[in-house]
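What follows is a single structure, written as structure tokens, with notes after it.
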């Protein structure tokens, strides 16, 4: 019986690593303000090569801080990681919301982040990604919307890609919760068998 309990504990500890976050496809990408190229480019799955010009055809680019770009995932998700490709010498903020009315800051990109001195730079909050940037890492949040906007820099801005990774929020218990419940049942059965 001890072997069974050890196996269940091992399985329960392994479950979080099995449930990796996946790319969340937004139901819509929208934008306000004046910019060049389609706002859909910011989530088309194509990450510009680092050092690409900020005005490249693969990017959405603009001048001034008025444009705001928003991803609507259509449902509530656990947002675990974000990958962005942005012009290297600017300040941008990424915010999250449940209802698109009340917003909270997820992280801020500083012009000193990344390793590129000119052009597009890719930054990720995934510690296993080659472009991981610890300065923008965040604790998981539940959100339906993400938005990105420029807040300062050289007044010439660009976004090449804006991706979110996570899992859909559901009422079904998480696998680790089910494993702990199963462990409790096994402990009760084993106690009963000893008597």
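The values are calculated or read from the model by the stated rules, or taken from the named source; none is laboratory data. Keep in mind that what you see is a predicted model, and the values were worked out from it rather than measured. A quick note on method: Cβ atoms are made from the backbone with ideal geometry, for glycine too, and the neighbour counts reach across all protein chains shown.
Out of 82, 86, I need the residue that is in contact with a helix residue (DSSP H, G or I) (Cβ under 8 Å, 6 or more places away or on another chain) and touching a residue at least 12 places away in the same chain (Cβ under 8 Å). Which one? Can you show your working first?
Numbers: 86 fails: in contact with a helix residue (DSSP H, G or I) (Cβ under 8 Å, 6 or more places away or on another chain).
Residue meeting the stated conditions: 82.
Return yes when residue 135 is out of contact with any helix residue (DSSP H, G or I) (no Cβ under 7 Å at 6 or more places or on another chain) and not in a loop (DSSP other than H, G, I, E, B) and no when it is not. Quick ask: steps written out before the conclusion?
Values: out of contact with any helix residue (DSSP H, G or I) (no Cβ under 7 Å at 6 or more places or on another chain): yes; not in a loop (DSSP other than H, G, I, E, B): yes.
Spelling it out, residue 135 is indeed out of contact with any helix residue (DSSP H, G or I) (no Cβ under 7 Å at 6 or more places or on another chain) and not in a loop (DSSP other than H, G, I, E, B).
Does the stretch 138-148 contain any residue that is surrounded by 15 or more Cβ atoms within 10 Å (Cβ to Cβ) and over 17 Å from residue 22 (Cα atoms)?
Start the filter on the stretch 138-148 by keeping residues that are surrounded by 15 or more Cβ atoms within 10 Å (Cβ to Cβ), which leaves 138, 141, 143-148.
In the following step, the residues that additionally are over 17 Å from residue 22 (Cα atoms) were identified as 147-148.
Yes; the residues of the stretch 138-148 include at least one that is surrounded by 15 or more Cβ atoms within 10 Å (Cβ to Cβ) and over 17 Å from residue 22 (Cα atoms).
Any chance the stretch 159-168 includes a residue that's within 16 Å of the chain's Cα centre (by Cα), at pLDDT 95 or above, exposed (fewer than 15 other Cβ atoms within 10 Å of the Cβ) and under 15 Å from residue 72 (Cα atoms)?
First, pick out the residues of the stretch 159-168 that are within 16 Å of the chain's Cα centre (by Cα): 159-168.
Going one step further and asking which of them are at pLDDT 95 or above, we end up with 159-168.
If we keep only those that are exposed (fewer than 15 other Cβ atoms within 10 Å of the Cβ) as well, we get 168.
Next, from what is left, pick out any that are under 15 Å from residue 72 (Cα atoms): 168.
Yes, the stretch 159-168 contains at least one residue that is within 16 Å of the chain's Cα centre (by Cα), at pLDDT 95 or above, exposed (fewer than 15 other Cβ atoms within 10 Å of the Cβ) and under 15 Å from residue 72 (Cα atoms).
Does the stretch 30-65 hold any residues that are touching a helix residue (DSSP H, G or I) at 6+ places or on another chain (Cβ under 7 Å) and in contact (Cβ under 8 Å) with a residue 40 or more places away in the chain, and which are they? Working first, answer last.
Step one: list which residues in the stretch 30-65 are touching a helix residue (DSSP H, G or I) at 6+ places or on another chain (Cβ under 7 Å), which gives 30-31, 58-60.
Across the stretch 30-65, the qualifying residues are 30, 58, 59, 60.
Of the conditions (1) farther than 29 Å from residue 45 by Cβ; (2) at pLDDT 95 or above, residue 135 fails just one. Which one is it?
All conditions are met except number (1).
Tally up the residues in the stretch 139-166 that are assigned to a loop (DSSP other than H, G, I, E, B) and touching a residue at least 40 places away in the same chain (Cβ under 8 Å), please.
Going residue by residue through the stretch 139-166, those that are assigned to a loop (DSSP other than H, G, I, E, B) are 139-140, 153-155.
Restricting the remaining residues to those that are touching a residue at least 40 places away in the same chain (Cβ under 8 Å) gives 140, 153-155.
Summing the residues that are assigned to a loop (DSSP other than H, G, I, E, B) and touching a residue at least 40 places away in the same chain (Cβ under 8 Å) in the stretch 139-166 gives 4.
So in the stretch 169-178, with the set limited to residues that are at pLDDT below 95 and part of a loop (DSSP other than H, G, I, E, B), which one is surrounded by the most Cβ atoms within 10 Å (Cβ to Cβ)?
If we filter the stretch 169-178 for residues that are at pLDDT below 95, which is where we start, we get 170-178.
When the remaining residues are screened for being part of a loop (DSSP other than H, G, I, E, B), the result is 170-174.
Values: 170: 10, 171: 4, 172: 9, 173: 11, 174: 14.
Filtering first and then ranking leaves 174.
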